[in-house]
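Novice: Just dropping this structure here.
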């Protein structure tokens, strides 16, 4: 994947940002419903962007995740606070200039695994929000695990955007023995949804979004092509992207075997 200003980009980037917009908008609608039912609750939308990047992808002419989040909050007229983490000093300066004067934005120049505790300490109460992790390869799953195990962050959802192929390559290189199923099982969320960013067989990197939440009343996610991994389709997608093409069906972890998945047909 090409890299510019410390940030990866590809023809996939605009599609990713489109999917991201739908999840942020859907979350904002959920918060609106919570506020209506419980007027005294603090429903500020907290956004932790673990790999925030420069804020704009000029190569493919689309906004980065921090700007997408801010623009949607302004459009929805919703209270928000963003915590942007970026380890590249040049990149985070570009991001600051892109964001401009916005008191609702906080910036951390370091690796997300190092500063996540500091970020958490700056968010008071029992917050609502999303931890978004979109690295050029496999994210730091331990950061997601850490946040998910903090009781007062039980209302924080986890959104991972990742190329499943990179995880399998890490296993092949013996950098880890934990596959995607292992990793998300260690993150303390009751419900998991998976979105296949491109049809099976059309994307060598197998880009997916994986969404973890404790909120059982989510509605409309399937209309956005996010499928609960406990359903037949969700489990089939997860089983497919978790394994190699050469893995026998009987050796796959999940019960629902992806009978059509490697034919190149759309799910």
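Every read-out reported here was derived from the displayed coordinates using simple, explicitly stated rules and does not represent laboratory data. Note that the coordinates shown come from a computational prediction; the quantities given were computed from them, not determined experimentally. Cβ: placed from backbone, ideal geometry, glycine included. Neighbour counts: every protein chain shown.
Novice: Once every Cα of segment 94-212 carries one equal point scatterer and solvent is ignored, give the base-10 log of I(q)/I(0) from the Debye formula at q = 0.19 Å⁻¹, two decimals.
Specialist: One equal scatterer on each Cα of segment 94-212 leads to -1.14.
Novice: Just rank 175, 209, 252, fewest to most, by other beta-carbon atoms within 10 angstrom. Display every interim value, and only then the final one.
Specialist: Values: 175 11, 209 23, 252 18.
Result, fewest neighbours first: 175, 252, 209.
Novice: Using only Cα positions of segment 150-221, each an equal point scatterer, no hydration layer, compute I(q)/I(0) via Debye at q = 0.15, 0.18 Å⁻¹ and quote the log10 values to two decimals.
Specialist: The calculated log intensity ratios at q = 0.15, 0.18 Å⁻¹ are -0.59, -0.80.
Novice: Turning to a different aspect of this structure: Give me Rg/Rg_expected for the chain, where Rg uses Cα atoms only and Rg_expected = 2.2 N^0.38 Å with N residues. Walk me through the intermediate numbers first.
Specialist: On the way: Rg = 18.1 Å, N = 267, 2.2 N^0.38 = 18.4 Å.
Compared with the compact-globule rule of thumb, the chain sits at 0.98.
Novice: Further, regarding this structure: Report the far tail of the P(r) of segment 1-122, meaning the percent of Cα-Cα pairs longer than 20 Å.
Specialist: On the way: 3379 of 7381 pairs.
Here the long-distance tail beyond 20 Å is 46 percent of all Cα pairs in segment 1-122.
Novice: Right, something else. Looking at the chain as a GNM with Cα springs under 10 Å, which of 129, 64, 113 has the largest mean-square fluctuation?
Specialist: Largest GNM mean-square fluctuation: 113.
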